[in-house]
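All remarks here apply to the structure that follows.
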Amino acid sequence: MASRKKVLLKVIILGDSGVGKTSLMNQYVNKKFSNQYKATIGADFLTKEVMVDDRLVTMQIWDTAGQERFQSLGVAFYRGADCCVLVFDVTVPNTFKQLDRNKIDLENRAVTAKRAQGWCQSKGDIPYFETSAKEAINVEQAFQTVAKNALAQETEVELYNEFPDQIKITNDSGKPKEGCGC
Amino acid sequence: MATQSQVLFEKDSVFIHVNVNSHHSDKDAHIPGKVFIIQKPEGTFIEWKAEEILQVDGQNEQEWAVIGSSLSVGYKPDTGSGSDVPTKEEARRKYNISFDILDLKSFKRNAPNHGWAYVIFILKDGTTYPALHFHSGGSKAMLQFLGKTLHIQRSPKDNRLFIVQEHDPDMLSKSFDELNLFADSQGDLVTKFIKDPYTTSLAGFSKVTNFLKDVLLQPDAQIPRQREEVADILSEDIPGMEISNQDEPGYELITKTKLPSRPSVSRGTPLTGEQWSKHMDSDGKIKDIDKLKDVIFRGGVDPALRIDVWKFLLGYYNWQSTYKTRTDERKRRVDDYFRMKLQWKTITAEQEKRFAMLRERKCLIEKDVTRTDRTHKFFGGECNPNLQVLNDILMTYCMYNFDLGYVQGMSDLLSPVLVVMENEVDAFWCFAGLMERVCNNFEMDQGGMKHQLAQIHKLMQHTDPELCSYLESHDSGNFYFCFRWILILFKREFSFPDVQRLWEVLWTDRPCQNFHLIICLAILDTEKSTLIENKFGFTEILKHINDMTGAIHLEETLKKAESIFLQLKESKKLPNHLKEILGFEVSPDNSASSSNKTTPSSTPVFPEVVQSASPVKTTPASTPVFPPIVPKLELSARLSSIQTNGHSNPSSGSGTAVSTPNNDSSIEILSDTCDTAVNNFYN
């Protein structure tokens, strides 16, 4: 049997309004896509148990409201996060300025992979994934990397626990994409 | 071992009621399904699956209840199932439930004397599933089956609540009594008391009244408390507790601040068309505004009347207005609306390029409009023209109140108003009136939200110190889990008809302007034992509260909230800061804050925004003064040369769904004798 000790990883998803944070979370946890998600108000989370290198890990994935105005309250929900996933919409350049990326299934792409990757490298080699929450492309891989990197860092946490890991995810509008950075 | 799943238990005729407040006649409100306990290779699971629908009937138009009045609406009915519209089957399937029983934290079983038993399962992370209603029995059998696998203990405080005990190899063998799920006894408090040495010894040292026992004798009392924890409890200033030395020398007498008991209250029936017309005199003036508001507070408004009554409640029409002044007022409102709409409509692409703020708002509104109440028939389907109306009203609101702009949550507030008004201009002004009431919620620094969450905290310190200290000690004293409730006035927690009922009750400002805060207390009071006995922490509390969507009984909650209000009103030693929240007259003798006598705390912090549609905002609820509403229309008069003809909608390409103002559905006014049969509780 694998190690009996359960690990809880708190992962927060950040990004501009409408980039697909809720969609990504639901695709990863529930394997579902709906185009009827409402704008998130306040915060919510879903949990999912995954095996990472023979360890049972409970991922607690937090989804928060995107509009900047609500970020001041968001802080309460971010406390103790092990990793953060930054999502932007590849079709809306502004959401990249604001952060992460999703929606690669859409054709009207406006942020190049190269540009986003360059950004991630410049921030200390943050893992970067292009995803589609609609088509379930790369979502599993992105969150698996989230779990893996966060778990690997767990041993160093005593030293650096002030700064959660980052993972960048991109999403396509209507179809999400992720970039993932740890 | 088993590589295949094995069904250990199954029961059909188990229903999910989509909305607890729905009527039995609503056939879509009850989804039939089957419940299973299944042994799978990866563990034992409890599952509920919606019954497959064998035939899809062609009655699409029956799928959603049509809300509001009988006036027909000009939007296109859905034709077939576009990719946007989930089929009925998909809609049902989304309620399917499946979880590992090792994740189960507790369940509630309610078995009324008449009617169906239901079971609510709550997981360790706070996830709370919709109630499963066993229409042909079987809930007891199922739970007894579970009792074979899990160690389950009935809550001593709430006999409907059963807590799954963590598997603990060191646990002493439990007496069989604890497994007796369906006995009537609520658990043997004395036995538990004796088992807990710390509590017991404390009780021996001093005279401790019920309150301390309440605090210490929580259901976890069987696990000996840590010394530090007990010390914490004692050293803390336990809210609501007074210590006096006078009665018996040598002893401290500890007593709980007694609140008067909660009086029982009853709700009434909605305002009828007949009552409404009787409330107006021959000029169309409302005769007794107070009485009318009392009726609306007690029972709401008949849905068909909302289109008229809401215009008063939301300050579109002055309460003192007559037929004649309303006609004039409406004309001005129409002109003013289209003047403002034209302002953003006429911005060219070139201009927009250099107008980042407008661009951003436009983008944000677009994103939210496409995801606002799309499951409601009024906004459902692809290319629904009502979405354009929603968009245009929100854009125009940005011009009306550029300082505030568009903030997420506003589209939620607008949607029920638009569904009732069925008219762009009327919906706009009613929405603007609604925003006057709640604009503090959307401030940049979230000050208004923080203030209200703090007010809930203060109120609960007084009404329920036990729950309050529980929440404080579980990182939830900030009440952030109430954020969504407050921001959009419970819009996401109730069905459309219920939220409309709730809002019209709140808009009467009865029994006080902060009644929505007391509604929060009432809901939390109902959930108290679930939160405490499951030992929920910050995350689980949030999850449980978020999952209560559609599961809150509106009328029961309103009754309880009013009852709490009356309890506070009768309370003798109510601190001044609570009196201010509740709009009571503040006693002049103490407290620096008492200077603010006539200004309830909900007075808008946005004085510059108070322009037109302010319903009785600055007077306490108990003093019915109704300042005339005089919109500042000087600007519109000066700009009248550019205003569009109010009878054409400059936005519209083809098929704007909501009627433009030429369809003036003026109010029929029948004058008659005054309605006297009003439950005039507050006068």
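Quick one: compute the contact order of segment B:384-518, relative version, from alpha carbon pairs under 8 angstrom and 6+ residues apart, as a percent. Walk me through the intermediate numbers first.
Working: 96 pairs, mean separation 25.4, N = 135.
Dividing the mean separation by the residue count of segment B:384-518 yields 19 percent.
Could you tell me which trypsin sites (Lys or Arg not before Pro) in segment B:118-149 are loop residues by DSSP with no more than 13 other beta carbons within 10 angstrom of their beta carbon? Intermediate values should be presented prior to the final figure.
On the way: sites: B:K124, B:K140, B:K148; in loops: B:K124.
Passing both the DSSP loop test and the Cβ count: no residue.
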State, as an integer percentage, the relative contact order of segment B:95-136 based on alpha-carbon contacts under 8 Å between residues 6 or more apart. 33 percent
Spin-label model distance (nm) - A:Q117 vs B:E555, 7 Å beyond Cα toward Cβ: 6.4 nm
Probe 1.4 Å, all protein chains in place: accessible area of B:M357 in Å², nearest 10? 100 Å²
Determine the relative contact order of segment B:350-460: mean sequence separation of Cα pairs under 8 Å and six or more apart, normalised by residue count, in whole percent. 19 percent
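Between A:A76 and B:E90, what FRET efficiency follows from the Cβ-Cβ distance if R0 is 30 Å, with the result rounded to 0.05?
Numbers: r = 35 Å, r/R0 = 1.17.
Calculated value: 0.30.
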Over segment B:253-368, with the other protein chains present, what is the accessible area per residue in square angstrom, probe 1.4 angstrom? 43 Å²
Post the alpha-carbon centroid distance, segment B:325-378 to segment B:385-423, in whole angstrom. 7 Å
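Please go through the residue pairs A:K48/B:K377; A:K48/B:K105; B:K11/B:K559; B:K140/B:K491; B:K140/B:K560; A:K38/B:K105 and name each one whose alpha carbons sit more than 27 Å apart in this structure. Please report the intermediate quantities before stating the final value.
On the way: A:K48/B:K377 34 Å; A:K48/B:K105 16 Å; B:K11/B:K559 36 Å; B:K140/B:K491 35 Å; B:K140/B:K560 30 Å; A:K38/B:K105 29 Å.
As for pairs spanning more than 27 Å Cα to Cα, those are A:K48/B:K377; B:K11/B:K559; B:K140/B:K491; B:K140/B:K560; A:K38/B:K105.
Do any chymotrypsin sites (Phe, Trp or Tyr not before Pro) in segment B:472-577 lie in a DSSP loop with no more than 13 other beta carbon atoms within 10 Å, and if so, which? Don't jump to the answer; show the numbers that get you there.
Details: sites: B:F479, B:Y480, B:F481, B:F483, B:W485, B:F490, B:F494, B:W503, B:W507, B:F515, B:F536, B:F538, B:F565; in loops: B:F479, B:F490, B:F494, B:W507, B:F536.
Answer in residue order: no site qualifies.
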Heads up, segment B:534-582 by the C-alpha gyration tensor (a ≥ b ≥ c square roots of eigenvalues; a/c under 1.5 rounded, else a/b over b/c prolate, else oblate) looks oblate
Trypsin sites (Lys or Arg not before Pro) in segment B:434-471 lying in a DSSP loop, each with at most 15 other Cβ atoms within 10 Å of its Cβ, come to none
Label-to-label distance, nm, for residues given as B:K572 and B:A141 (7 Å Cα→Cβ offset): 5.7 nm
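May I ask for the accessible area buried between chains A and B, both sides summed, probe 1.4 Å, to the nearest 100 Å²?
The A and B chains share an interface burying roughly 3000 Å².
Could you work out what % of the accessible surface of segment A:7-78 is carbon and sulfur, using a 1.4 angstrom probe and leaving DNA, RNA and ligands out of the count?
Working: 1230 of 2390 Å².
Ligands and nucleic acids excluded, carbon and sulfur reach 51 percent.
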A chain fully extended from B:E166 to B:S261 at 0.36 nm per residue, minus the present Cα-Cα distance, gains in nm 30.5 nm
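What average count of beta carbons from other chains do you get within 10 Å of the Cβ of residues in B:128-141? Please report the intermediate quantities before stating the final value.
Working: counts 0, 0, 0, 0, 0, 0, 0, 0, 0, 0, 0, 0, 0, 0.
Mean shielding count: 0.
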Only protein chains counted, 1.4 angstrom probe. Which residues of segment A:39-58 are at least 40 Å² less accessible in the assembly than when their chain is isolated? A:A39, A:I41, A:D44, A:F45
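The values are calculated or read from the model by the stated rules, or taken from the named source; none is laboratory data. Since the structure is predicted, the reported quantities are computational estimates derived from the model, not experimental observations. Cβ coordinates were reconstructed from backbone atoms using ideal geometry, including for glycine residues, and neighbour counts include every protein chain displayed. Areas reflect the complete protein model, heavy atoms only, side chains present, ligands, DNA and RNA absent. Shrake-Rupley method; radii C 1.70, N 1.55, O 1.52, S 1.80 Å.
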